[in-house]
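The values are calculated or read from the model by the stated rules, or taken from the named source; none is laboratory data. What you see is a predicted model; the values in this text were computed from it and never measured. With ideal geometry, Cβ positions are generated from the backbone for all residues, glycine too; neighbour counts draw on all protein chains shown.
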């Protein structure tokens with residue numbers, strides 16, 4: 001009987017239809033409509049980025065006249081030189097790299113260890129720990145109490161005001177908990193028989209089997225830290241400590257000295273700052289995420305789906 005089932009599964013076509021059966025009209029219509037919808041959605045999502053990319057290589061006059069859409073008008077690379085020669089931009093850029101690296105490392109250590117503990121159903125007080133985590137998803141102290149707390153802890157104008165408050169995302173925590181719960185229990189039992197303790201099991205058995213979900217969480221945390229500017233806006237007063245996203249925010253808002261610094265570095269007018277420098281800074285800001293994402297994208301779907309089997 002087992003042989004018959006295996007042979008049937010081996011001869012079953014990949015599309016799920018018996019041999020010789022034609023695809024129905026409804027299926028073809030649905031496939032075509034689905035393809036058109038996805039293409040339109042893709043174009044809609046890429047259009048803003050392509051427009052900004054074209055503006056970064058266009059002349060200020062063409063941008064101000066609204067002539068730039070998908071292709072640069074009045075090709076110009078002087079603004080890239082102006083921004084890349086700005087010392088403050090690169091200092092803020094380095095700050096973003098540092099904050100993202102440190103914050104993601106701390107977040108992953110705390111999230112993986114906390115999720116692994118919560119995945120053990122025999123743990124006393126497990127429900128209380130889960131309840132504490134879930135509670136923070138819906139309630140928080142508010143903006144003013146958080147600011148007072150960070151200031152009273154002496155973390156204002158330090159890196160820790162950026163990396164510590166968001167060190168554990170409850171959503172990521174619950175996804176990892178569900179993933180750890182889906183791992184075979186026999187592996188841990190066999191490791192215990194071989195003499196491994198809980199730390200050994202976690203480091204030598206669980207983590208190597210969790211590459212997909214770990215890569216997904218690293219992507220989530222790194223993007224969140226890289227894009228975050230509001231925490232720096234609240235807790236950092238010194239421009240040399242700003243992340244590059246706050247540098248960009250100040251350029252767009254036109255309420256920071258970074259805009260005048262960019263103009264001074266370029267030796268150009270404010271029109272150049274208000275048009276080209278914003279687009280150039282946006283492109284330079286998203287480059288790290290665009291470079292990292294392709295390497296972890298293959299883990300993205302499998303990591304989230306495996307972590308959502310149970311919950």
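Does residue 82 satisfy the criteria of being surrounded by 17 or more Cβ atoms within 10 Å (Cβ to Cβ), free of Cβ contacts under 8 Å to residues at least 24 places away in the same chain and either on the phi < 0 side of the Ramachandran plot or assigned to a loop (DSSP other than H, G, I, E, B) (or both)?
Details: surrounded by 17 or more Cβ atoms within 10 Å (Cβ to Cβ): yes; free of Cβ contacts under 8 Å to residues at least 24 places away in the same chain: no; either on the phi < 0 side of the Ramachandran plot or assigned to a loop (DSSP other than H, G, I, E, B) (or both): yes.
Answer is no for this residue.
Which one of 220, 247 is more than 25 Å from residue 88 (Cα to Cα), in the same structural domain as residue 100 (by TED's automatic domain parsing) and either surrounded by 15 or more Cβ atoms within 10 Å (Cβ to Cβ) or modelled with pLDDT under 90 (or both)? Steps first, answer last, please.
Values: 247 fails: more than 25 Å from residue 88 (Cα to Cα).
So the residue among 220, 247 that is more than 25 Å from residue 88 (Cα to Cα), in the same structural domain as residue 100 (by TED's automatic domain parsing) and either surrounded by 15 or more Cβ atoms within 10 Å (Cβ to Cβ) or modelled with pLDDT under 90 (or both) is 220.
Does residue 223 fit the bill of being within 24 Å of residue 284 (Cβ to Cβ), in a helix (DSSP H, G or I) and touching a helix residue (DSSP H, G or I) at 6+ places or on another chain (Cβ under 8 Å)?
Working: within 24 Å of residue 284 (Cβ to Cβ): yes; in a helix (DSSP H, G or I): yes; touching a helix residue (DSSP H, G or I) at 6+ places or on another chain (Cβ under 8 Å): yes.
So residue 223 passes the test.
Taking residue 46 as the residue in question, decide whether it is touching a residue at least 12 places away in the same chain (Cβ under 8 Å) and either surrounded by 13 or more Cβ atoms within 10 Å (Cβ to Cβ) or outside the structural domain of residue 230 (by TED's automatic domain parsing) (or both). Spell out the reasoning first.
Details: touching a residue at least 12 places away in the same chain (Cβ under 8 Å): no; either surrounded by 13 or more Cβ atoms within 10 Å (Cβ to Cβ) or outside the structural domain of residue 230 (by TED's automatic domain parsing) (or both): yes.
No.
Looking only at region 17-41, count every residue that is at pLDDT below 90 and either in contact with a strand residue (DSSP E or B) (Cβ under 8 Å, 6 or more places away or on another chain) or under 30 Å from residue 67 (Cα atoms) (or both) and tell me the total.
Final tally of qualifying residues: 0.
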